[in-house]
1. Kirkwood hydrodynamic radius for the chain: how many Å is it when counted over pairs of different Cα atoms?
2. With the contact rule set at Cα under 8 Å and sequence spacing of 6 or more, what percent relative contact order holds for segment 45-254?
3. Can you tell me which of 172-182, 357-367, 81-91 comes out highest on packing, and rank the rest after it, using the mean Cβ neighbours within 10 Å?
4. Any idea what the dipole of segment 45-254 comes to, in debye rounded to 20, about its Cα centre with Lys/Arg Cβ at +1 and Asp/Glu Cβ at -1?
5. Quick one: what do you get for segment 45-254 if you divide its Cα Rg by 2.2 N^0.38 Å?
6. Just report the Cα centroid separation between segment 70-104 and segment 318-366, whole Å.
7. What net charge is computed for the residues neighbouring ILE172, neighbours being all others with C-beta under 11 Å from the C-beta of ILE172, Lys and Arg scored +1, Asp and Glu -1?
8. About its Cα centre, what dipole magnitude does segment 129-227 give when the only charges are +1 on Lys and Arg Cβ and -1 on Asp and Glu Cβ, stated in debye to the nearest 20?
Amino acid sequence: MDWVLLVLVIFVTVPLVVLASELFLSLIAKNRPSARLVAHRTSCAILVPAHNEEAGITKTIKSIQDQMRPGDRLVIVADNCADRTAEKARTTGCEVLERFDDINRGKGFALDFGMKHLLTAPPEIVVVIDADCGLHPGSLDVIVYQAERTNRPVQAVYLLNARPNASAKEQISNFAMLVKNRVRPYGLHQIGVPCLLTGTGMAFPWPMFRDAEHGTGNIVEDMKLGVDLALVGTPPLFEPDALVTSDPAPTSLATIKQRTRWEHGHVKTLTTQAPRLLLTGLKKFRASLVLLALDLAVPPVSLLLTTWAFMLVVCAAWWQLEGGWRILPIILTSAFGLNLVALAMVWLKFGRNTVKLITLAKIPWYIVSKIPIYLKLVVSPQKKWVRTDR
């Protein structure tokens with residue numbers, strides 16, 4: 001039994017150590033010139049897949065058009081829309097495509113449709129922005145320039161906007177996204193490790209975008225695409241000077257739907273793609289793939305901490321009742337303590353404007369509230385893309 005528990009403890013501890021390492025690395029401040037001041041860049045095509053986004057599509061388009069240069073194209077793909085998304089988009093003067101397909105539904109199919117439209121006049125760089133996102137000033141120049149310069153996909157920082165008087169749960173959720181999409185990739189960026197794609201604020205050299213597999217129903221198609229690109233030698237590059245944001249889901253039910261899609265998709269991708277990255281990295285002696293595999297192997301933090309707490313109780317009980325190895329609960333406690341210190345330092349540097357100090361004490365209740373999502377993962381995992389209510 002001790003050996004079985006040791007193996008399980010290793011499976012829990014390794015992601016905890018990886019997470020803590022990424023957090024500590026993010027605290028290393030390197031003097032680097034800002035990439036925001038881009039004098040010259042190539043032209044690009046911006047694809048915006050949109051499904052029933054009439055409420056916010058005009059605002060998104062304006063945030064993009066304000067940064068476009070001569071030769072740039074903005075293409076809205078109104079995908080299976082039952083509202084006035086296409087009509088509102090046309091009033092802004094951009095290109096608008098409409099697609100209707102009751103069988104092949106989801107963002108990946110919309111991107112594939114947009115890609116085929118671009119085949120007649122291919123751009124140098126393709127940028128993907130979700131229809132519910134705002135592109136912050138200077139960000140378009142940065143990601144297009146970096147994609148052109150490195151001939152690699154580029155990922156901007158993607159965060160949620162903070163609402164006035166946000167609830168404790170929303171503050172913690174926003175902080176969790178800050179850690180996932182800003183802090184951890186920034187930590188890996190310090191040592192030259194690529195990142196995963198987060199679905200919006202992405203720039204691709206045209207050949208990579210054209211040849212990628214878009215037409216799938218994968219509920220986190222962006223994460224899978226990032227893995228595929230890394231495996232063929234063009235891993236995504238994190239760009240901390242570019243930012244896209246979107247508003248949080250408006251209701252608790254919408255938030256649960258959104259988180260269920262994200263976290264079920266994350267776990268599915270973790271179990272299927274992390275081994276691919278790890279084995280390829282070891283076989284080809286590519287350390288960046290091994291490190292990216294370890295990053296992907298970190299499950300959603302709430303799930304990781306829930307598993308950690310369960311294992312700690314089991315190991316402590318086994319030690320007390322059956323005389324098992326005392327080292328096991330010590331290992332688990334040490335790994336947790338390491339993350340606690342790292343998280344506190346990350347909050348001081350990055351998170352004070354996102355979540356109040358007193359609110360951090362409610363993190364255990366936030367984790368407990370997500371247990372139904374993880375139970376559903378076991379009983380009835382989400383497999384199809386479902387739009388988040390706006």
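1. Values: mean 1/r = 0.0456 Å⁻¹.
Its Kirkwood hydrodynamic radius stands at 22.0 Å.
2. Working: 393 pairs, mean separation 54.7, N = 210.
The value is 26 percent.
3. Details: 172-182: 21.7, 357-367: 14.3, 81-91: 17.4.
Ranking, from highest mean packing down: 172-182, 81-91, 357-367.
4. Values: 20 positive and 26 negative charges, 86 e Å.
My answer is approximately 420 debye.
5. Values: Rg = 16.4 Å, N = 210, 2.2 N^0.38 = 16.8 Å.
Normalised by 2.2 N^0.38 Å, the Cα Rg of segment 45-254 equals 0.98.
6. Between the Cα centre of segment 70-104 and that of segment 318-366, the gap is 46 Å.
7. Working: positive: LYS169, LYS356, LYS362, LYS370; negative: GLU170.
Net of charged neighbours comes to +3.
8. For this selection, approximately 360 debye.
We did not get these values from a lab; they are worked out from the coordinates using the rules stated. All of these numbers come straight from a predicted model, not from anything done at the bench. All Cβ positions, even for glycine, are placed from backbone atoms using ideal geometry, and neighbour counts span all protein chains on display.
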